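K.L.:
Please find one structure pasted underneath; my questions will follow.
The values are calculated or read from the model by the stated rules, or taken from the named source; none is laboratory data. Keep in mind it's a predicted model, so treat the numbers as computed, not measured. Using ideal geometry, Cβ is built from the backbone for each residue, glycine included, and neighbour counts are taken over all protein chains shown.
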Amino acid sequence: MKKLLYVLLGLAVVAALWEGYKLVGNPEGTVLFGVRVLPRADDLSMPHLWTVVERLGRPELTGGRPVWIVVVQACLFTLGITAAGFVIGAFVGLLLAVAMQRFRIVERGLLPYVILSQTVPLVALAPLVAGWNVLWPDWMTVSLIAAYLAFFPVAVGMLRGLQSPASAGVELMRSYAAGWWRTLVKLRFPASLPYLFPALRLAGAAAVVGAVVGEISTGTRGGIGRLIIEYSREATSDPAKVYTAMLGAALLGLVVAGLVSLLEFPLMRHRRHVEVVTL
Amino acid sequence: MRRIRIFSAIAAATLVLTGCGTADQDSATPAPGGSGGALTPVKLQLQWFFQAQFAGYIAAVDQGFYKDQGLDVQLLEGGVDIVPQTVLAQGKADYAVAWVPKALASREQGAGITDVGQIFGRSGTYQVAWKDSGITKAADLKGKKVGNWGFGNEFELFAGMTKAGLDPGKDVTLVQQQFDMQALLKKEIDAAQAMSYNEYAQLLEAKNPATGKLYTADDFSIIDWKTEGSSMLQDAVWANTEKLSDPAYQQQTVKFLTATIQGWAFCRDNAEKCRDLVVAKGSKLGKSHQLWQMNETSKLIWPAPAGIGVVDEAAWKQTVDISMTTKNQTGDSVLTKAPEGMAYTNDYINQAITAAKAAGVDVNGTSFAPTEVTLTEGGA
C-alpha cells in the first residue's frame, strides 16, 4: 500500500516537473552562447500531459482504434519478444558462467570476448542478424538481438556468484567427497542467488532495449519500437502521438523490471537480502 | 535491495527511451504463402515502410499483375538502416527500389547492380521556406539557415546552391535536419528539405497555433530543384548485374517490369483505390496523407513521354554530373568517377513497355491530370 503511494507520488513529481517547466521555461528554449542548454517548452516540443492522455483516448486514424489500444497491443507484442530474448539470454549467460567457473582456462579465454561482445554497436549488429532470418520468423531475429544484450550481465554476475562461496565451504564439500556437480548444486548455486537476481534485472532492462532497437532495426511489425518510428514521422502535425508511444515503451520497461523482481520472490524468501553490486 | 530495484526500473525506462532515438532498418513481410506451383518467388526490397510512394508495386501484387506474369512477388519493407541496393547486391532480394545517386555510390563501392527501370522520371525534392521570408529561389538562401538531411539526400540542394553562385560551405548556415518539419515550424531554420509527397504534406497537416487552422500552401514558398536545374533521378528498380547475363533472370526482369508498369498505370487511374490498398497494408499514415502521396507520386511518373521507366539520357547525365562534381559540407561528392559498366539499361523496360502496350496499358499517361487533394489534420 505504502509502496503504491510512493509510485503515485513519483508519477506526480514527474508530471509536476514537466508541466512546471512548461510554465516557467522559455517556449523558445534557453540558448547560451549559441548552444541550447534548456529545451523548448512550446506545445510542439513538449505537449501538455493532458494532450498526450487525451490523444491516447482518440482513434489512431479516423475510424481506427483508439491509440491506447494500439500502444498496449504493441507493448504486449514487444513483451513477448523481450521474454523470449530474456530466457535465451539468461540461459546462455548461465551456461557460460558455469563453464567459466568450472574451467579456469575458459574464464581466461572467454571473459574478454564476453565483455567485447557488448562494445559492438547494436545498430551495426542488427541488420546483420536480420539477414539470417530465413529459418525463423521475424520476431525471433529481434529476440536474438535482445538475448545478445541480456546474456552479458547474467554471465558476469553469475560467474561472480558461483565463485562467491568461501573456501571453507568448498573445502567442507570436498571433505564430504562431493564432486563438482554436487558442489555446484548444493553450494555454488544457492550462494550465487544474491548475485543472480540483480544480474537478471539488468538483463531484463537490456532485453527491453534490445527488443525495441532490434524491432526498429529489422522493421518488425507489431511492436512498440516500430510504433515509435511510425508515430515520430507524424511529429510535425501530431506531436502528442509520439509521446504516447514513448509512454508505452517506458511502461514496458517498468513491467519487465517488475516481472523480473517477481522471479526472485519464491527463491529469496528465506534468504537474507544482501546488497550486491554486480559488474 | 530496494534501491537496486528502483534503479533498474529507471534504467529500464531510460534505456528504452534512449533506444528510441536509434534508427534502423527493415524486414520482411510475411510471405503470402506459396500460391500455385508454377509461380516464381521474387523479392522486392523497398526503401521504407509501406506508403503510397510504393503504391504501384503494392497494387501490382494486390491486383494480381505479378501473378499473371507467373511471379509471386514479396515486398520487403525498408527502414532507417536498410540500404535497398545493399540488400540486392547481397542477394537477399531479387530487385530493389533505390534513388539513383545513392545506388551509384554503392555501385562505385562494388555493388553489382543495374538500373533496369527508372520509374520516377522526376525528382520530388523541395526546399521549403516560409512565404514571408522572401525565399523563392536557391540564390535567396544566402545567409540563411538551411536544413538538410545529409546521408546522401542533400546533393540536389548543394548542387542548386552551387549553381546559383553560392558556396554552401560559407554563404549559408547548414543545419542537420530531422526527418520531420518541426525545425521549420519553430523557425529554427529558414528553409527545410522536404519531399513533395511526404514532408511537405506534413506541413499542411499541422495546425497553425496563431489561427487554429491548418497551414496552407499560401504560408510557404517552395524551391523546386526541377526548375532550378539541379534535380537528380530518384526511385528506380535495380537488378543484379551479374544475374542479368542469365536468360532466365532477363525474362523474369521483363515480366517483373511489365507487371510493375501495370501497377503504376492502375494507380494513376485509380488513385483512391490505391490509397485504400496502401492503408490496408497497415500504414500508420492517414488516408488523406496517403492520397496526397499517391497524387504527388503519380506526378513524378506521369506523363512519361518515352514510356514509364525509360531512363532519359539527359536526366541521367545531369544526375551523374552532379554526383561527380557537387561537394557537400564535408567536401565529399557522391561519385569519384563516372560509373563503369552497365549502370543502367533500357533493354528490359522497353520490352516490358511493348508487352504492356500489347495488353492495352497506357504507358505514357499523356492525359494524366493530377487532382487537388485536401489534407486533414494529422493526415488522418
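K.L.:
Could you please let me know if A:E171 is touching a residue at least 12 places away in the same chain (Cβ under 8 Å), among the acidic types (D, E) and either more than 30 Å from B:M181 (Cβ to Cβ) or out of contact with any strand residue (DSSP E or B) (no Cβ under 7 Å at 6 or more places or on another chain) (or both)?
P.N.:
no
K.L.:
Determine which member of the set B:Q251, B:Q262 is farther than 30 Å from B:Q182 by Cβ and either in the same structural domain as B:D132 (by TED's automatic domain parsing) or out of contact with any helix residue (DSSP H, G or I) (no Cβ under 7 Å at 6 or more places or on another chain) (or both).
P.N.:
Of the residues listed, the single one that is farther than 30 Å from B:Q182 by Cβ and either in the same structural domain as B:D132 (by TED's automatic domain parsing) or out of contact with any helix residue (DSSP H, G or I) (no Cβ under 7 Å at 6 or more places or on another chain) (or both) is B:Q251.
K.L.:
What's the total number of residues in the stretch A:137-186 that are of a type in the set (F, W, Y) and surrounded by fewer than 22 Cβ atoms within 10 Å (Cβ to Cβ)?
P.N.:
Number satisfying all stated conditions: 3.
K.L.:
Also, I was wondering about something else. Exactly one condition in (1) of a type outside the set (D, E); (2) farther than 19 Å from A:V185 by Cα; (3) in a helix (DSSP H, G or I) is not met by A:A155; state its number.
P.N.:
Only one criterion in (1) of a type outside the set (D, E); (2) farther than 19 Å from A:V185 by Cα; (3) in a helix (DSSP H, G or I) is unmet by A:A155, namely (2).
Results for (1) closer than 19 Å to B:M232 by Cβ; (2) free of Cβ contacts under 8 Å to residues at least 40 places away in the same chain; (3) not assigned by TED's automatic domain parsing to the domain that holds B:A105, shown as yes or no for each residue.
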| position | (1), (2), (3) |
| --- | --- |
| B:G282 | no, no, no |
| B:T319 | yes, no, no |
| B:S323 | yes, no, no |
| B:T326 | yes, no, no |
| B:D362 | no, no, no |
| B:A369 | no, yes, no |
| B:L375 | no, no, no |
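K.L.:
Is it true that some residue in the stretch B:215-236 is within 15 Å of the chain's Cα centre (by Cα), within 14 Å of chain A (Cβ to nearest Cβ), of a type outside the set (V, I, T) and crowded, with 24+ Cβ neighbours inside 10 Å?
P.N.:
No - not one qualifying residue is present in the stretch B:215-236.
K.L.:
Can B:D167 be described as in contact with a Lys or Arg (Cβ under 6 Å, 6 or more places away or on another chain) and either more than 14 Å from every other protein chain (Cβ to nearest Cβ) or outside any helix (DSSP H, G or I) (or both)?
P.N.:
No.
K.L.:
Residues that are in a strand (DSSP E or B) and either at pLDDT 85 or above or of a type in the set (K, R) (or both): does the stretch A:27-45 have at least one?
P.N.:
Yes, the stretch A:27-45 contains at least one residue that is in a strand (DSSP E or B) and either at pLDDT 85 or above or of a type in the set (K, R) (or both).
K.L.:
For the stretch B:360-380, give me the residue count where each residue is assigned to a loop (DSSP other than H, G, I, E, B), out of contact with any Phe, Trp or Tyr (no Cβ under 8 Å at 6 or more places or on another chain) and within 14 Å of chain A (Cβ to nearest Cβ).
P.N.:
Counting residues in the stretch B:360-380 that are assigned to a loop (DSSP other than H, G, I, E, B), out of contact with any Phe, Trp or Tyr (no Cβ under 8 Å at 6 or more places or on another chain) and within 14 Å of chain A (Cβ to nearest Cβ) gives 3.
K.L.:
Criterion first (part of a loop (DSSP other than H, G, I, E, B) and crowded, with 17+ Cβ neighbours inside 10 Å) does B:A356 satisfy it?
P.N.:
So B:A356 fails the test.
K.L.:
If you don't mind, there's one more thing I want to ask. Restricting to the stretch A:233-258, what's the tally of residues that are within 30 Å of A:R201 (Cα to Cα) and either more than 7 Å from every other protein chain (Cβ to nearest Cβ) or touching a residue at least 24 places away in the same chain (Cβ under 8 Å) (or both)?
P.N.:
15
K.L.:
Out of the residues in the stretch B:180-208 that are more than 10 Å from chain A (Cβ to nearest Cβ) and free of Cβ contacts under 8 Å to residues at least 60 places away in the same chain, state the one that is surrounded by the most Cβ atoms within 10 Å (Cβ to Cβ).
P.N.:
Here the answer is B:I189.
K.L.:
Please verify whether the stretch B:79-97 includes one or more residues that are under 21 Å from the mean Cα position of the chain (by Cα), assigned by TED's automatic domain parsing to the domain that holds B:G309, assigned to a strand (DSSP E or B) and more than 18 Å from B:C267 (Cα to Cα).
P.N.:
Yes, the stretch B:79-97 has at least one match.
K.L.:
Suppose we filter A:L262, A:L202 for residues that are touching a Phe, Trp or Tyr at 6+ places or on another chain (Cβ under 9 Å) and within 12 Å of another protein chain (Cβ to nearest Cβ); which single one remains?
P.N.:
A:L202
K.L.:
Right, another one. Give the number of residues within the stretch B:262-308 that are within 17 Å of the chain's Cα centre (by Cα), part of a helix (DSSP H, G or I) and of a type in the set (V, I, T).
P.N.:
3
K.L.:
Within the stretch B:176-256, which strands (runs of 3 or more DSSP E) (wholly inside it) include 3 or more residues that are of a type outside the set (F, W, Y) and farther than 30 Å from B:D94 by Cβ?
P.N.:
It comes to B:191-195, B:220-224.
K.L.:
For B:F65, which of the numbered conditions (1) within 24 Å of B:S230 (Cα to Cα); (2) out of contact with any strand residue (DSSP E or B) (no Cβ under 7 Å at 6 or more places or on another chain); (3) crowded, with 24+ Cβ neighbours inside 10 Å fails to hold?
P.N.:
(1)
K.L.:
Another question about this same structure. Would you check which residues across the stretch B:309-343 are among the β-branched types (V, I, T) and more than 20 Å from the chain's Cα centre (by Cα) and list them?
P.N.:
Scanning the stretch B:309-343 gives B:T325, B:T326, B:T330, B:T336.
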